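Computed from the coordinates by the stated procedures, all read-outs in this text should not be read as laboratory data. Everything numeric here is computed off the predicted structure, so don't read it as measured data. Counting neighbours? That spans all protein chains shown, and the Cβs are built from the backbone with ideal geometry, glycine included.
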Amino acid sequence: MPESDHMIRNKVSLEAVIGMAKKRLFEEPRKYPITVVHHNDADGLSSAYILKNVFEREGFKTQFCCSERTYLRVFDEVFRQASGPVVVADLGATKEQQIKKISQGRLTIIIDHHKSGTPGGLMELDLIDDNFFVINSCNHGISGDDMASASTLSYAFAKEISLENKELAHIALVGAIGDRNHDNEEIGYQFKPDGYDMRAFADTDNTKFEFGKYHIMLNREWNDAEELAKQVVTLGSIGYLKGGPEFCLNKFFEKDHDDSEVEKRVGELTAKQLEAYDKAKKRIRENKGVISEDDIMYFDVGDVFAGMGTKTIGDFCEDLMGNATKEGLIDTAKYLMGGQTIEIASVFGKPINVPKEGEWVKVSIRASYELISDINEGRSLQIDELVSLGNPNYCDGCHERKGATVILKKAVPSCLELFQEKIKEFKKSKGIH
Ligand SMILES: [Mn+2]
């Protein structure tokens, strides 16, 4: 690409990238399906549903791959097995350079609102070319945490393709609410007044804000968007390997959304989840899989969450901090770390191992109230700092008071020791013993 062109592209607006990606997509023959690789939460599933409808209306066939994280192994397999363009939703930003490499010039469009994994930001490295587009609010100064969701960006892309797609606003709202719910406790279910999300839904007739809540029109009635987002999360996480994502794409968001079928599915999954929670608590009570350090309480859940997505371990840790504190199951002054073995994911029905070799554990990390006050007062490490010191290769998506990482199963004890060491060093540096 000539230098002048490079300069122009470095300065393009979000709208311009969306326009360029659309133009390039329409040059593709309709011969091969578009593969949509998407996250399994409400934001990722809403995005996928929007893209499915938009692409199919334009005469493309579609196929889907639902992933819990940006696993390069999943992308390897998608590009190996599929022939058409690949569109990534609510994933990808942290590993855009590697994905570009894997794509080998195949048309790829990443729609994400997570921070770019490219140091200094994407635009400086000229990652965008005629076959690779990144539609990411963060690259244009719009925060993905509280201003824009992936489903709002997917919706913007949909509207660029045809204004008719405005009728998908309500689906985008469910995704946007889902992300607000989980990532941003202070803001709660509200959108920032001048955010990208807020503006997207300002002028749509199937969404409304009333009595402090967002509502969407689905199945000829107004529904509480928060409630729908929670149901989608259950289907996508607890039902991750049990057809939950497919149900969302083919039934849940459809106009003839059947409340009784949804209630039945979500009810069954929730019952299974609670049953598994009880079993996991029993393991902790019996001290099975528990490792205690001075400032860390670690436990693993064995196989009791089998078939459920790894989001389950994070939710379980939250539950422990609430209920189990009363039962004395956890030490509220320690970092709580829960481990769930990462299972095989499937790409187009074919099971694959993620990450590449060995058994890996997803470890969710939480701080209970005593520890939170220590963190707030600077007497103990924030969780994102702890992970970046103790397991720096796997620290994406961590916050100050909650986080997660992945660890090779056999390396868990040594990794915990390293975490403990880092906590000790920090305390020593602050003169705390
Ligand atoms: Mn998201």
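Odds and ends about this structure:
- Partner lysines for K409 [C-alpha distance under 18 Å; skip if fewer than 8 residues away on the same chain]: K288, K311, K356, K362
- Helix 225-237 axis, angle to the chain major axis (alpha carbon atoms, nearest 10°): 70 degrees
- Cβ-defined net charge surrounding E261, 12 Å radius [Lys, Arg +1; Asp, Glu -1]: -3
- Neighbour-count order for K242, K61, fewest beta carbons within 10 angstrom listed first: K61, K242
- Among G309, G84, G195, residue whose mean-square fluctuation peaks in a GNM of the chain (springs only between Cα atoms under 10 Å): G195
- Folded to 0 to 90 degrees: helix 169-183 orientation relative to the chain principal axis, Cα: 20 degrees
- Entries of K192/K264; K31/K100; K272/K422; K95/K430; K115/K326 with Cα pairs more than 29 Å apart: K192/K264; K272/K422; K95/K430; K115/K326
- 0 to 90° range, to nearest 10: angle between helix 72-81 axis and the chain longest Cα axis: 40 degrees
- Using Cβ point charges alone (K and R +1, D and E -1), the dipole size of the chain about the Cα centre works out to roughly 1000 debye.
- Cut-off 14 Å between beta-carbons: net charge of the residues surrounding P29, Lys and Arg +1, Asp and Glu -1: +2
- Computed from label points 7 Å out along Cα-Cβ, the spacing between K255 and E15 is 3.1 nm.
- Taking other Cβ atoms within 10 Å as a rough exposure proxy, V37, V54 sort from fewest to most as V54, V37.
- Straight-distance candidates among the lysines for linking to K428, with alpha-carbon spacing under 21 Å and chain neighbours fewer than 8 residues away dropped: K334.
- D_trans [Stokes-Einstein, Kirkwood Rh over alpha-carbon pairs] for region 125-254, 25 °C, 0.890 mPa s, µm² s⁻¹: 157 µm²/s
- More than 29 angstrom apart: percent of Cα pairs within the chain: 47 percent
- Charge tally in the Cβ shell below 15 Å around A280, where Lys, Arg are +1 and Asp, Glu are -1, A280 excluded: +1
- Region 3-257: relative contact order in percent, alpha carbon pairs under 8 Å with at least 6 residues between: 20 percent
- At q = 0.13 Å⁻¹ the log10 of I(q)/I(0) for region 276-429 amounts to -0.57, computed by Debye summation with a single uniform scatterer per C-alpha, solvent ignored.
- When the helices of the chain are scored as -39500 (n - 2.57) per DSSP H run of n ≥ 4 and the total is divided over every residue, the value at 222 nm lands at -12500 deg cm²/dmol.
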